[in-house]
Amino acid sequence: MTIVRTRFAPSPTGFIHLGNIRSALYPWAYARATNGVFILRIEDTDLDRSTQASVDVILEGMKWLGMDPDEGPFYQMQRMDRYREVLAKLKETGHVYPCYMSVEELDALREKQMIAKEKPRYDGTWRPEPGKVLPKIPEGVKPVLRFKNPIDGVVSWDDKVKGLIEISNQELDDLVIARPDGTPTYNFCVVVDDIDMQITHVIRGDDHVNNTPRQINIFNALGAAPPVYAHLPTVLNEMGEKMSKRNGAKAVTAYRDEGYLPDAMVNYLARLGWSHGDDEIFSREQFLQWFNLDHLGRSAAQFDEAKLKWVNAQHLKTLSEQELATRVKVFIEKDAIKTDERLPLICGLFKDRCDTLISLANWAKCFYADVIIPEEEREKHLVQSVFGALELLVDKLEGLGDSSWNKESIAAALKEVLTQTGLKMPQLAMPVRVLLMGTAQTPSLDALIAIFDPKTVVTRLKKK
Ligand code: GLU
């Protein structure tokens, strides 16, 4: 049985966003699900647009999401000698030929074709054929190398997403595969790499469907069997446009910094173009167990931040208090605030109302740093009529002392204040919450107060 070998082949020309990283998720998952090999290849031949910063976001993003490659990263720029070697082989076997057509001539040809309402294509002027007399080679012109695409027949493949695709070779012109300076072009490098890296399944965005027949012809010319192809539909942004940096897409790593969990992200991205029945929430392990290429969606998927948040919230709930504390701590300490052994307890109390680690960190910070009370909360809840009750509560809490500082005694103290003042629970609870946490919406008051140390509670309640 052949071992599955998949690859993710990003071009580092702008930071990688969620739409791009989804093209890494499926090949990674397919390799993991089949005990195969996942390869990372950086396609950095566009020297003007490729940047190290963009490579870094790819590597960091994949690491964060736990999508580690088994082989690579390989960099195309470091494989130039290999491409030249294969190019020489294609020359030897008569699959490429030099073309001396100038840019001006090509432009004129294109214009003529456009006027005649034809598809712009190279017309084969320099393509050698038996009995054909080629034009005189112009002096001082360095030729490009063109691939001799078959003239007849069709190229077809059974796409794992799109089904059978057939393209007539008459639709394809002779592709430039080396520039005048000898550097190879994109489609050629991809094929050489896919052959050398023994890729069995190419899973990539459907913006490459048009390249596939050309690539298959190059595979054939090199005497290699093409891989299985799966072309994934586009990811749209919330406005229904193709997701791109230009229209607001964020770098993958921004989601890490905003407090999303890698497993939630994997879950969310998995569902952007793949399904397992009606399952919406699943673990990384389940995903890898279930994933195959038979349930990839055919239509474009749309990014939905609210849903991503919901998925993240569901994953947050499944983490233990200790695990949450470890993750939340990083966000709190970023602001130079120290935490302590109460953090797991705090996470346990607040996790159900949070959708990101940042929102959980913001709650937790109230225990470790001063809170700012918004003016409107102050005006609404800190009213003269409750001041007496607050003073009484302070007395009772001070009376508890450290040894009786627990949920039950705090609940009893609150109750006594209500009995003595005739106030209803919300009338007392709201101002206490505002003073302790800066908001009137918090989990149950006795549990909340119990986590604080008595001194902080008393100091904050006195600041009414
Ligand atoms: N480098 C290409 C891109 O970033 C992907 C090529 C491929 O997957 O074959 O779109």
The number of residues in segment 31-40 that are in contact (Cβ under 8 Å) with a residue 60 or more places away in the chain and more than 13 Å from the ligand (Cβ to nearest atom) is 3
Of (1) assigned to a strand (DSSP E or B); (2) open to solvent by 30 Å² or more (accessible area, probe 1.4 Å), Arg204 satisfies all except one. Which? (2)
So, of the residues in segment 344-363 that are touching a Ser or Thr at 6+ places or on another chain (Cβ under 9 Å) and under 14 Å from Gln441 (Cα atoms), which turns out to be least open to solvent (accessible area, probe 1.4 Å)? Phe350
Among the residues of segment 396-412, is there at least one that is surrounded by 18 or more Cβ atoms within 10 Å (Cβ to Cβ) and not in a helix (DSSP H, G or I)? no
Can you name the residue in segment 242-260 that is under 15 Å from Val57 (Cα atoms) and assigned to a helix (DSSP H, G or I) and, of all such residues, is modelled with the lowest pLDDT? Lys245
Residue in segment 81-92 that is under 22 Å from Arg204 (Cα atoms) and surrounded by fewer than 16 Cβ atoms within 10 Å (Cβ to Cβ) present: no
Can you name the condition, by its number, that Val154 falls short on among (1) away from the ligand (no atom under 16 Å from the Cβ); (2) among the β-branched types (Val, Ile, Thr); (3) in contact (Cβ under 8 Å) with a residue 24 or more places away in the chain? (3)
When segment 438-449 is examined, which residues are found to be surrounded by fewer than 21 Cβ atoms within 10 Å (Cβ to Cβ) and part of a helix (DSSP H, G or I)? Leu445, Asp446, Ala447
Quick check: anything in segment 201-209 of a type in the set (Asp, Glu), closer than 24 Å to Ala300 by Cα and more than 12 Å from the ligand (Cβ to nearest atom)? no
With the first residue restricted to segment 201-229 and required to be under 19 Å from Thr34 (Cβ atoms), and the second required to be more than 9 Å from the ligand (Cβ to nearest atom) and acidic (Asp, Glu), Cβ contacts under 6 Å at 6 or more apart or on different chains are Tyr229/Asp159
With part of a loop (DSSP other than H, G, I, E, B) and surrounded by 20 or more Cβ atoms within 10 Å (Cβ to Cβ) as the only criterion, which of Asp152, Asp194, Asp174, Asp181 stands out? Asp174
Among (1) in contact (Cβ under 8 Å) with a residue 60 or more places away in the chain; (2) away from the ligand (no atom under 16 Å from the Cβ); (3) not in a loop (DSSP other than H, G, I, E, B), the one test that Thr2 misses: (3)
Given the criteria open to solvent by 50 Å² or more (accessible area, probe 1.4 Å), modelled with pLDDT of 95 or more and not in a helix (DSSP H, G or I), does Glu341 qualify? yes
Search segment 10-30 for residues being open to solvent by less than 50 Å² (accessible area, probe 1.4 Å) and touching a Pro at 6+ places or on another chain (Cβ under 9 Å), and hand back the single one that is nearest to the ligand (Cβ to nearest atom). Ser23
Given the conditions (1) on the phi < 0 side of the Ramachandran plot; (2) in contact with a Lys or Arg (Cβ under 7 Å, 6 or more places away or on another chain); (3) within 16 Å of the ligand (Cβ to nearest atom); (4) open to solvent by 10 Å² or more (accessible area, probe 1.4 Å), report the number of the one that His95 does not fulfil. (3)
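Residues are listed down the side, and each one gets a yes or a no for (1) of a type outside the set (A, V, I, L, M); (2) in contact with a Leu (Cβ under 9 Å, 6 or more places away or on another chain); (3) open to solvent by 90 Å² or more (accessible area, probe 1.4 Å):
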position	(1), (2), (3)
Ser102	yes, no, no
Lys117	yes, no, yes
Tyr122	yes, yes, no
Val141	no, no, no
Leu145	no, yes, no
Lys160	yes, yes, no
With the condition kept exactly as written, say whether any residue in segment 211-223 is open to solvent by less than 30 Å² (accessible area, probe 1.4 Å), within 11 Å of the ligand (Cβ to nearest atom), aliphatic (A, V, I, L, M) and within 26 Å of Trp28 (Cβ to Cβ). no
Given Glu43, Glu60, which one is touching a residue at least 12 places away in the same chain (Cβ under 8 Å), within 13 Å of the ligand (Cβ to nearest atom) and either crowded, with 19+ Cβ neighbours inside 10 Å or within 19 Å of the chain's Cα centre (by Cα) (or both)? Glu43
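The values are calculated or read from the model by the stated rules, or taken from the named source; none is laboratory data. Small disclaimer: the values here were computed from a predicted structure and weren't measured. When we count neighbours, we look across all protein chains shown, and the Cβ atoms used for this are built from the backbone with ideal geometry, even at glycine. What goes into the accessible areas is simple: the full protein's heavy atoms, side chains included, and nothing from ligands, DNA or RNA. Shrake-Rupley method; radii C 1.70, N 1.55, O 1.52, S 1.80 Å.
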